[in-house]
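Step one of this worksheet: look at the structure below.
The values are calculated or read from the model by the stated rules, or taken from the named source; none is laboratory data. Model, not experiment: these values are computed from the prediction. All Cβ positions, glycine included, derive from the backbone under ideal geometry; neighbour counts span all protein chains shown. Accessible surface areas use protein heavy atoms only, side chains included; no ligands, DNA or RNA. Shrake-Rupley method; radii C 1.70, N 1.55, O 1.52, S 1.80 Å.
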Amino acid sequence: MSRTLAELAERCLLPGFVGTSAPDWVRRRAASGLGGVVLYGRNVESPEQLRRLTGEVHSERPELLVAIDEEGGDVTRLEVGTGSSYPGNLALGQAGDLELTRAVAAALGSELAAAGIDLDLAPDADVNSNPANPVIGVRSFGAQPALVAAHTAAFVEGLQGVGVAACAKHFPGHGDTSTDSHLELPVAAEEPRLGALEPFRAAIAAGVRSVMSAHLLVPSLDSVPATLSRPILTDLLRGELGFRGLVITDGLEMRAISDGVGVAEGAVQALVAGCDALCIGGGLAQESIVDELGAAIVEAVRSGRLSEERLAEAAGRIDALAAWRAGQQPAPPAAREVGLEAARRALKVEGEVRAGTDALVVQLRPGASIAVGAVAWGIAASALSFDGPPVDLDRVLRSAAGRGLVLVVRDLHRHPWQVEAVEALLARRPDAVLVEMGLPACRPERAHRYLATFGAGRVNGEAAAEMVLV
């Protein structure tokens, strides 16, 4: 049966919503043909609750896609309250074992499948070639294209091997940027063919079912953001790289798009450029945004800006992914223990890092990016924490008198106030242990006792504590 323009438009939409059960409007839209929903940490309380939630929307229409942004490590939605049971990409790249990466992805995928998730918006396939990048960092497998490509393919194979669709992001590469597309429009100065495309080629060769577009400018390829660029999404991704699966946008309400052309116009231009699924609802989580985007898309077809064939093609790719998911076998039980094993294998230790069971742990906490959100991290729940300057050095030194001192940081190189505090404390306590839980791009000269975890997932902290708090 043929679909109306309105039905085709709605099939291309993946909104979000607030709450741990599906609102009436989501269930109604699901029944009438909505493409899918994207879940966030605000939608998850427990595995049991999440299964009920996905069951609610799937009961309205089994072909609805339920997606979630679950990378493991720093970016977790399944375990937003406690931190992830799996290390993120940088730790897996540091461990350097493709079978381990495949096993971690399979375990994570098994948990997602058991919860009723169809599409995981992972792995991050960006080559983190700019250490100053504020939004990728430990979410990347590393800074070398070949390493990132190999681990991206392994992650895709592990996740899809247990029946959950993977999504390689952020095409054509968000690693060579110094700004966050949630807040502004970044620029990737390097020609992507020099390295950034390699992980996406590997993902496509591994059979990845979807690719997410990046909200950034790539001047060597086009003068508009990649999400809105036909030369990037159709000519490059479809033509040159040969990708035939689903292309999904990053969140259209992100300011890199919304501050430019606006959300509704961004949706239309994304479809024209070659996107199939339109991700919305991180910040715009109400039914009215579905109405607004649906109307804009229908009007674009009627005015001749968007062809009905292109819209039907996009909706058909969502149908195809849903059919693939429906044909998968039940996933095996998750082997969660592989997460801690991987975190242990990723540790980099230099010098004597044992500080004693009674050591004072001081945690310097930078603000989290929007992508990461408010997720617990660290090596000790009882840590003395500072969320910004000034750091009370005298208080720290008094509290640490007669016992070990452990300084825990995250992306030290990006936060001058942390560098100042760490250097001052190391000058007076050269025996202090420095634990870096972000990108290890800055190690002060006096940090002779040093441990890097390559990520801030819960298991990364547990692995560090095993080494330090003994």
Nearest 20 debye, what's the magnitude of the dipole of the chain about its Cα centre given +1 on Lys and Arg Cβ and -1 on Asp and Glu Cβ?
580
Under a Cβ-only charge scheme (Lys and Arg +1, Asp and Glu -1), can you give me the dipole magnitude of the stretch 253-396 about the Cα centre, in debye to the nearest 20?
500
Here the net charge surrounding Gly282, from other residues whose Cβ is less than 11 Å away from its Cβ (Lys, Arg +1; Asp, Glu -1), is -2
Taking the Cα atoms of the stretch 259-356, what is the range of coordinates along each of the three principal axes, in descending order and whole Å?
69, 40, 25
Rounding to the nearest 10 and keeping the result within 0 to 90°, find how far the Cα-based axis of helix 337-346 lies from the longest principal axis of the chain.
60
How large a share of the accessible area of the stretch 259-310, in percent, is made up of carbon and sulfur atoms when the probe is 1.4 Å and the other protein chains stay in place?
47
Acute angle (nearest 10 degrees) that the helix 416-428 long axis makes with the longest principal axis of the chain, alpha-carbon atoms
20
Of Gly266, Leu246, Val298, whose Cα points farthest to the positive end of the dipole of the stretch 228-374 (charges on the beta-carbon: +1 Lys, Arg; -1 Asp, Glu; origin at the Cα centre)?
Leu246
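Around Leu321, what is the net charge, scoring Lys/Arg as +1 and Asp/Glu as -1 over all other residues with Cβ under 15 Å from its Cβ?
Details: positive: Arg11, Arg61, Arg209, Arg244, Arg317, Arg325; negative: Glu63, Asp118, Asp120, Asp276, Glu313, Asp319.
Surrounding charge for Leu321 is 0.
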When Lys and Arg each count +1 and Asp and Glu each count -1, what net charge do the other residues less than 15 Å away from Leu194, Cβ to Cβ, add up to?
-4
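Going from the alpha-carbon gyration tensor of the stretch 210-289, what semi-axes, largest first and in whole Å, does one get by taking the root of 5 times each eigenvalue?
Values: eigenvalues 91, 40, 16 Å².
Working through the eigenvalues yields semi-axes of 21, 14, 9 Å.
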Å² per residue, accessible surface of the stretch 42-97 at 1.4 Å:
33
When every alpha-carbon pair in the stretch 419-463 is counted, what percent end up more than 14 Å apart?
48
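At 222 nm, what value in deg cm²/dmol follows for the chain if DSSP H runs of at least 4 each add -39500 (n - 2.57) and the sum is divided by all its residues, to the nearest 500?
The per-residue figure over the chain is -11000 deg cm²/dmol.
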If you take the charge dipole of the stretch 305-392 about its Cα centre, with +1 on Lys and Arg Cβ and -1 on Asp and Glu Cβ, which of Ile379, Val338, Leu360 is farthest toward its positive end?
Val338
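Pull up the DSSP beta bridges for the chain and report the antiparallel fraction as a percent, rounded to 5. Walk me through the intermediate numbers first.
Working: 4 of 37 bridges.
Counting DSSP beta bridges with both partners in the chain, the antiparallel share is about 10 percent.
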Compactness ratio of the stretch 144-215: Cα Rg over 2.2 N^0.38 Å, N = residue count?
1.14
Of the candidates Ala465, Ala421, Ala400, the farthest towards the positive dipole end of the stretch 395-470 (Lys/Arg Cβ +1, Asp/Glu Cβ -1, centred on the Cα centre) is Ala400
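Any idea what the relative contact order of the chain is, in percent, if you count C-alpha pairs under 8 Å spaced at least 6 apart?
17
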Tilt relative to the chain, helix 287-302 - C-alpha long axis, 0 to 90 degrees, to 10
50
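For the stretch 352-405, give the magnitude of the charge dipole about the Cα centre (Cβ charges: +1 Lys/Arg, -1 Asp/Glu; no others), in debye to the nearest 20. The partial results should precede the final answer.
Working: 5 positive and 5 negative charges, 12 e Å.
Dipole size: approximately 60 debye.
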